[in-house]
Structure formats: structure tokens, C-alpha cells
Amino acid sequence: TRAETGPEVVAAASQVWVDVQLTDFPARARVLADEVFWARPEVLGLQEVTLYRSGDPLVCAGEASPSEPVATDPELDFLAILQEELRRRGLRYEVAAQVTTMDAELCILDALRGGELRDLRYTDRDLLLVRKDVRWRDPTLPPGQPIPGFVPAPVEPGPGDRNGGVYAVA
């Protein structure tokens, strides 16, 4: 755990969190929602729809593993922010498929909280959103049924994952 919480790792993770704040996703979501409003697509395919959560510094203290994240306090949810911007424009999209591609937690010095030591959880999701007025069929396959031409990657499903998977080869 020394490598997971060493000063270089904490400094790098802390800087990433500052950079995330500087990208101002809420402002970017407004622009994305405007584009969706004018195009009115039936389906949106989205990558890197990140959810950031924080929690007590358990990884920092060596009491938790980065690969078994436990932080639950919402900090920044790209999906919720985008869906709210879409709703403000009278558009309703529902999640038809969700795949978690990464879920990890690192120790940071949180500049937003005066340099407080916190765990920051990074959950990366890929999604398909379908416009509410579009009729679609849930494509969920029975467990274990292979998809021709695809090899599942060794990634466990995350919370809320459905109708898809992470594939190593197509």
C-alpha cells in the first residue's frame, strides 16, 4: 500500500482532481445539451461519463484498497449533470445500457476542502441513452450467452451495469 499512497501518487491524484474542477463539466454539459437539443438524436452513445465520489481517507490510511472502492459521497456526476441540462431543454433520455470500465479510489489532498486528506473514487462509465419517446427493446442477453465476434474482457460489472459489457476484441 506504500506505492498506492506514496507522496507522488497523492500529489498526482490531487492534481488530477484540481484539473477536473478546472474543466468545468457543468459548462461543457450545457454546450452538449444544446447540440443534442438541435440534433434530437434517438440514441446517444457516451464514453467516459465519470462519477466522482469522496469519502473518509481509508485508502490514505492503508485501511482500504484502491481496487475495492468504498467512497460514497457524491462530488461530480457527469450523467446527472448532463441529464439535468437535457431536462432544462425539454428533453428526456433514459439509460438503456451502462458499462463501468473503471472503478478505483485514491488518496488526495483535497484543495476544495483546504487540503484535507480524503479518498477520491473515480468511476468511469460508457452509456447508451435513448430518447424517452423512442420505442426500443431491451437487448439484455441471458447471462453467459456469448456475442458473436466479441471476447469479454476480465472486468467485473459495476453497480447499475446492464445490457452490455467491456470487450477486449471485436
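Only the coordinates and a few stated rules stand behind these numbers; no lab work does. Computed from a predicted model, the values in this text were never measured in an experiment. Note that each Cβ is placed from the backbone with ideal geometry, even for glycine, and that neighbours are counted across all protein chains shown.
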Worksheet item: How are the Cα pair distances of region 1-124 distributed, in percent, across 5 Å bins from 0?
Response: 2, 10, 19, 20, 16, 12, 9, 7, 3, 1, 0
Worksheet item: With a ≥ b ≥ c the root eigenvalues of the C-alpha gyration tensor of region 3-74, is it rounded (a/c under 1.5), prolate (a/b larger than b/c) or oblate?
Response: prolate
Fill in: Simple label model, 7 Å out from Cα along Cβ direction - ARG137 to ALA27, nm
4.5 nm
Worksheet entry | Value of relative contact order over region 1-86, rounded to a whole percent, pairs C-alpha under 8 Å and six or more apart | 37 percent
Response to the item:
On each of the three principal axes the extent of the alpha-carbon atoms of region 75-120, given in whole Å and largest first, is 40, 25, 7
